[in-house]
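To start, the structure itself, in structure tokens.
The values are calculated or read from the model by the stated rules, or taken from the named source; none is laboratory data. Just so you know, these numbers come straight off a predicted model, no measurement behind them. Here the Cβ is made from the backbone with ideal geometry for all residues, glycine too, and neighbour counts use every protein chain on show. Heavy atoms of the whole protein, side chains included, go into the accessibility calculation; ligands, DNA and RNA do not. Shrake-Rupley method; radii C 1.70, N 1.55, O 1.52, S 1.80 Å.
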Amino acid sequence: MAVECMIKPSSMQTMAQPPSPQTQKTQQHKEDDQKPLVFDASVLRYQTEIPSQFIWPDDEKPCKNTPELRVPLIDLGGFLSGDKEAAAKASQLVGEACQKHGFFLIVNHGVNDKLIADAHRCMDDFFGMPLSEKQRAQRKAGESCGYASSFTGRFSSKLPWKETLSFSYSAKKGSTNIIQDYFCNKMGEEFKEFGRVYQDYSEAMSTLSIGIMELLGLSLGVDRAYFKEFFDDNDSIMRLNYYPPCQKPEQTLGTGPHCDPTSLTILHQDQVGGLEVFVDDQWHSISPNLNAFVVNIGDTFMALSNGNYKSGLHRAVVNSETPRKSLAFFLCPRDDKVVKPPSGLVDTLSPRKYPDFTWSMLLEFIMKHYRADVKTLQAFSNWVQQKTNQKL
């Protein structure tokens, strides 16, 4: 159901002077706040007045003319082929970027171009369906997978102007059809090929992420295989993002400022810009590059690096004319694997910054107790410490 924005005058108002435009606007927002909100992109994309739940505070609204962020372009092919000179250069560039803001681009990544194109095509098909069809995969409360039209069922303010479809991937043995089975169960047998595309895409992302983990290990000065082995049996998340046009893009955000709670994010953008990163007290944009993946460090890897590498604060902005879409793979360790830095990154000068935890603990925290932002990892660490103290 679309959000109604019409104001019905009361019987007293029909006898009195019509309310002023400002009064009408105030009444409209009050009525919006009282109604169940449904984010139907096919309707809201054309509305000139957006519901108040999507209007962000002035100090968080998009900025005009954001400068471009200078992010290193990493040739992963040279590194993976065993070229020592390429490995040394890539290691240096990645280390510098991860200490400063946590973002870099990779090219020569080995992912098939047709597979990427198929993943974008299937994404177009899904988000082009009527809302009622998409809701067959509706995310349930407290879960991280499924279809979500904004966060209307979870939060009531500062809502993101987007739709998402998230699903689990596992690199463990016996999980070769987990995504295909998920879509057949949720959406029907006609989605078997759809599921196959994302099964193949997620497997390619898992393989790619393991190569990136080798590079991160090298850049941190630990054994190249350390993080590779840590994530070999990963339990990760794949997400399709759709940001519809908004007639008031200066009032809202596609995704609010946050740091990813996961370990590593591998993002493929379409040709519509919108990704922004906060660096040196200012928002910067990262322009789309169809030949590259955008990679960023998440909170879990920041903990694994003992705070040496930064989980970067970022957001997404929208525009009034063109939908923006992106494919995001969130690398996560196996649910029960203990997250703690290798011994080589801890000493008297660099003591432990975060407590031991598992990915399932952090996921529970952000799904039930906390809305992810720049302080997620510190808030989570405090929460873990409080739970530990309660057991003593």
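Before moving on, here are some points about what is shown:
- No other residue among SER311, SER343 is open to solvent by less than 10 Å² (accessible area, probe 1.4 Å) and either on the phi < 0 side of the Ramachandran plot or of a type outside the set (Lys, Arg) (or both) apart from SER311.
- Residues satisfying the stated conditions in the range 25-43, i.e. out of contact with any Leu (no Cβ under 9 Å at 6 or more places or on another chain) and either modelled with pLDDT of 95 or more or assigned to a loop (DSSP other than H, G, I, E, B) (or both): LYS35, PRO36
- Filter pass, PRO62 being within 19 Å of GLY274 (Cα to Cα) and in contact (Cβ under 8 Å) with a residue 40 or more places away in the chain: yes
- When the range 155-207 is limited to residues that are part of a loop (DSSP other than H, G, I, E, B) and of a type in the set (A, V, I, L, M, F, W, C), the one that is surrounded by the fewest Cβ atoms within 10 Å (Cβ to Cβ) turns out to be PHE155.
- Test: ILE266 is modelled with pLDDT of 95 or more, open to solvent by less than 10 Å² (accessible area, probe 1.4 Å), within 20 Å of PHE79 (Cβ to Cβ) and not aromatic (Phe, Trp, Tyr): yes
- Among (1) touching a Cys at 6+ places or on another chain (Cβ under 8 Å); (2) open to solvent by 30 Å² or more (accessible area, probe 1.4 Å); (3) under 22 Å from GLY102 (Cα atoms), the one test that SER236 misses: (2)
- Residues located in the range 314-340, provided they are in contact (Cβ under 8 Å) with a residue 60 or more places away in the chain, more than 20 Å from THR252 (Cβ to Cβ) and surrounded by fewer than 17 Cβ atoms within 10 Å (Cβ to Cβ): ASP335, LYS337
- Selection status of GLY142, part of a loop (DSSP other than H, G, I, E, B), of a type in the set (Gly, Ala, Ser), closer than 21 Å to THR255 by Cβ and without any contact (Cβ under 8 Å) to a residue 24 or more places away in the chain: no
- Taken over the range 310-366, the criterion of being among the β-branched types (Val, Ile, Thr) and either assigned to a helix (DSSP H, G or I) or closer than 13 Å to PRO261 by Cα (or both) is satisfied by VAL339, THR358, ILE366.
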